[in-house]
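To start, the structure itself, in structure tokens.
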Amino acid sequence: QAESFMNVNPTNPNNLVATSNNPGTASIFRAYSTNGGTTWTRGTIASGVACCDGQAAWDTFGNLFLVYISASLNQINVILSTDGGATFSAPVTAGTGSVDQPSIAVGNGSVWVDWNSGGNMVARGAPVTGLGVFGPFNALQTIPTAAGSFGGIAVGPGANGGKVIVTYQSPTGGQGPATIYVNVDADGLGAGGFGA
């Protein structure tokens, strides 16, 4: 197993969810605890369809969003749990094609996903208005001059779901040296896009 992730529910700190790749199963391993990690319930999610690169984020409504790459369809999919990681929704596809290394973040009434699409970074966001209520994702935003990968994304305060920042590395192969780049979308889900 690799690419593991741990999340703590901000509405209930005793609720923990751990995820990781589950090699050979086309699934994401998932374990959740409701007693601060004393005991765990284990299983898989996105069973039979997930390749890898799972990453999760919990918002203040209690939504646990998880992004992963679909094994056979080359899709960036997002699934949602509203019950502390016990069950997850059917996937919503955020992107397709030559995809890799998705990241996910939540913020001021929004959820955002970024990923490497054919060697360049792209991102999409969606409004979140309550427990289990989100979407649709906005139009795909190309990050200007964003040739690179291994990105990260964060959402800060502000209107339209908050200011969004994307980071990524270029070049991505070998021992480097490499540079970390940053692009900002100052108006979040608004009409403006990411700056240089």
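Sort out which residues of the stretch 1-16 are closer than 16 Å to A86 by Cβ and either part of a strand (DSSP E or B) or open to solvent by less than 70 Å² (accessible area, probe 1.4 Å) (or both), and write them in order of number.
We begin by selecting, within the stretch 1-16, every residue closer than 16 Å to A86 by Cβ; these are 7-9, 11-12, 14-16.
Across the stretch 1-16, the qualifying residues are N7, V8, N9, N12, N15, L16.
For the stretch 61-74, which positions are of a type in the set (S, T, Y) and modelled with pLDDT of 95 or more?
Kept after step one, since they are of a type in the set (S, T, Y), are these residues of the stretch 61-74: 68, 70, 72.
Y68 - this is the single residue of the stretch 61-74 that is of a type in the set (S, T, Y) and modelled with pLDDT of 95 or more.
Only one residue in D83, D100 is in contact with a strand residue (DSSP E or B) (Cβ under 8 Å, 6 or more places away or on another chain) and open to solvent by 50 Å² or more (accessible area, probe 1.4 Å). Which one? Walk me through how you get there before you give the answer.
On the way: D83 fails: in contact with a strand residue (DSSP E or B) (Cβ under 8 Å, 6 or more places away or on another chain).
Every option except D100 fails the conditions.
Filter the stretch 46-62 for residues that are polar (S, T, N, Q) and crowded, with 20+ Cβ neighbours inside 10 Å and give the result. Spell out how you get there, then give the answer.
To start, the set of residues in the stretch 46-62 that are polar (S, T, N, Q) comprises 47, 55, 60.
Of everything in the stretch 46-62, just one residue is polar (S, T, N, Q) and crowded, with 20+ Cβ neighbours inside 10 Å, namely Q55.
Taking the stretch 177-196 on its own, how many of its residues are outside any strand (DSSP E or B) and open to solvent by 40 Å² or more (accessible area, probe 1.4 Å)?
From the stretch 177-196, those outside any strand (DSSP E or B) are 177-178, 186-196; that's our starting set.
If we keep only those that are open to solvent by 40 Å² or more (accessible area, probe 1.4 Å) as well, we get 177-178, 186-187, 189, 191, 193, 196.
Adding up the residues that qualify gives 8.
Can you name every residue in the stretch 148-185 that is among the small types (G, A, S) and farther than 23 Å from F65 by Cα? Don't jump to the end; show me each part of the working.
Initial filter on the stretch 148-185 (among the small types (G, A, S)): 148-149, 151-152, 154, 156, 158-159, 161-162, 170, 173-174, 176, 178.
Selection gives G148, S170, G173, G174, G176, A178.
Would you pick out the residues in the stretch 17-45 that are among the polar types (S, T, N, Q) and open to solvent by 40 Å² or more (accessible area, probe 1.4 Å)?
So in the stretch 17-45, the residues among the polar types (S, T, N, Q) come out as 19-22, 25, 27, 33-35, 38-39, 41, 44.
Passing the criteria: T25, T34, N35, T38, T39, T41, T44.
Against the conditions (1) surrounded by fewer than 17 Cβ atoms within 10 Å (Cβ to Cβ); (2) of a type in the set (V, I, T); (3) modelled with pLDDT of 90 or more, where does I165 fall short? Just the number, please.
(1)
If I go through the stretch 141-153 residue by residue, how many of them are surrounded by 18 or more Cβ atoms within 10 Å (Cβ to Cβ) and hydrophobic (A, V, I, L, M, F, W, C)? First the steps, then the outcome.
Within the stretch 141-153, the subset surrounded by 18 or more Cβ atoms within 10 Å (Cβ to Cβ) is 141, 143, 146, 148-149, 151, 153.
Okay, now just the ones that are also hydrophobic (A, V, I, L, M, F, W, C), so 143, 146, 153.
Summing the residues that are surrounded by 18 or more Cβ atoms within 10 Å (Cβ to Cβ) and hydrophobic (A, V, I, L, M, F, W, C) in the stretch 141-153 gives 3.
Kindly establish whether D114 is within 30 Å of S33 (Cβ to Cβ), touching a residue at least 24 places away in the same chain (Cβ under 8 Å), charged (D, E, K, R) and open to solvent by less than 60 Å² (accessible area, probe 1.4 Å).
Numbers: within 30 Å of S33 (Cβ to Cβ): yes; touching a residue at least 24 places away in the same chain (Cβ under 8 Å): yes; charged (D, E, K, R): yes; open to solvent by less than 60 Å² (accessible area, probe 1.4 Å): yes.
Yes: the conditions hold for D114.
The values are calculated or read from the model by the stated rules, or taken from the named source; none is laboratory data. Computed from a predicted model, the values in this text were never measured in an experiment. Positions of Cβ are backbone-derived with ideal geometry, glycine not excepted, and every protein chain shown enters the neighbour counts. Just the protein is used for accessible areas: all its heavy atoms, side chains included, with ligands, DNA and RNA removed. Shrake-Rupley method; radii C 1.70, N 1.55, O 1.52, S 1.80 Å.
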